[in-house]
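Okay, so here's the structure we're looking at.
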Amino acid sequence: MDRPAPRPLDTAERLDWLRLIRTPQVGPITFFQLLQRFGTARAALKALPALARRGGRGTPVSIPSVAEAERELADVAAAGARLIGFGEPDYPPALQSIDDPPPLISLKGNAALGQQRSLGIVGARNASAIAIRFTREIAAELGRHDLVVASGLARGIDTAAHEGAIASGTIAVLGGGIDVAYPAENRKLQDRIAAEGLLLAEMPVGTEPQARHFPRRNRLISGISLGVLVIEA
């Protein structure tokens, strides 16, 4: 499937992309299929109601309004983050090559880290003390070899990976909105990563993480990484 050529989005197009990807039943794969078929997100939005009727949908498709999209953009900015589209300069290039890259992601912190080589480290939430110590040590060593460490900010192995790599560069991929601290015990660590590393989120601002969100988050950790090291899981 063809993807859009790399280029910056203007404000109007960013709003169109946001409205399209926030429409129920439009996931990343469908988003890019619609973009390929209709050329622009605006044209796809106009075509959606008729497509839904032909597909047998009994109720009208619920497309977010321009005002709703503008409000989300304002909320992202209020959280100190930016909404970056696929193909824009700060979009992590490795993430563009997965089967279902998010059309839009929220970034907060040092976006340049997303352009560097990274390795994912994930593992058990209830990890042993020796695994925690090993994770911190290997994350720090990877940093000394110019690798950014990506993880999911969960307790246990994820936390240790971020702590070990924060001095050299770490990316926390969140399961909820860019402004939501989860788990709550990692709020200070999340704030520190926002200041010294990079936070990345696919979900809308304000979204509380749920179990069904974590497989989507995990594909982003693997997508931005050269490989993934799994510790004690």
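The values are calculated or read from the model by the stated rules, or taken from the named source; none is laboratory data. Predicted model, so just to flag it, every value in this text is computed and none were measured. Every residue, glycine as well, gets a Cβ built from its backbone with ideal geometry; the counts of neighbours run over all protein chains shown. Only protein heavy atoms, including side chains, enter the accessible area calculation; ligands, DNA and RNA are left aside. Shrake-Rupley method; radii C 1.70, N 1.55, O 1.52, S 1.80 Å.
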> What percent do you get for the relative contact order of the chain when only Cα pairs under 8 Å and 6+ apart count?
Replying inline: 20
> Roughly what would the spin-label model give for residue 82 and residue 13, points 7 Å off Cα along C-beta, in nm?
Replying inline: 1.6
> Dividing the alpha-carbon radius of gyration of region 104-194 by 2.2 N^0.38 Å (N being the number of residues), what value is obtained?
Replying inline: 1.00
> Simple spin-label model, 7 Å along Cα-to-Cβ: residue 167 to residue 137 in nm?
Replying inline: 1.6
>> Rounded to the nearest percent, how much of the accessible area of region 110-233 (1.4 Å probe, protein heavy atoms only) is carbon and sulfur?
In response: 52
>> If you roll a 1.4 angstrom probe over the protein chains with everything in place, what fraction of the accessible area of region 25-85 belongs to carbon and sulfur, to the nearest %?
In response: 54
> What Rg and what Dmax come out for region 1-81 when only alpha-carbon atoms are used, in angstroms?
Replying inline: 13.3, 42
>> At a threshold of 8 angstrom on Cα-Cα distance, excluding pairs fewer than six apart, so keeping six or more, what relative contact order does region 152-196 reach in percent?
In response: 46
> Rounded if a/c is under 1.5, else prolate if a/b beats b/c, else oblate: with a ≥ b ≥ c from the C-alpha gyration tensor eigenvalues square-rooted, which is region 36-116?
Replying inline: oblate
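Leaving out ligands and nucleic acids, note down the accessible area per residue over region 68-203 with a 1.4 angstrom probe, in whole Å².
The answer is 40 Å² per residue.
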> For the chain, modelled as a GNM with alpha-carbon contacts under 10 angstrom, which of 219, 19, 133 fluctuates the most?
Replying inline: 133
> Quick one: accessible area per residue over region 1-53, 1.4 Å probe, rounded to a whole number of Å²?
Replying inline: 53
> Looking at [x] 1.18; [y] 1.05; [z] 0.95, which value of Cα Rg over 2.2 N^0.38 Å comes from a calculation on the structure shown?
Replying inline: [y]
> If you plug each phi of region 28-33 into the Karplus form 6.51 cos²θ - 1.76 cosθ + 1.60 with θ = phi - 60°, what whole-Hz ³J(HN,Hα) values come out, in order, with x for Gly and Pro?
Replying inline: x, 5, 4, 3, 6, 5
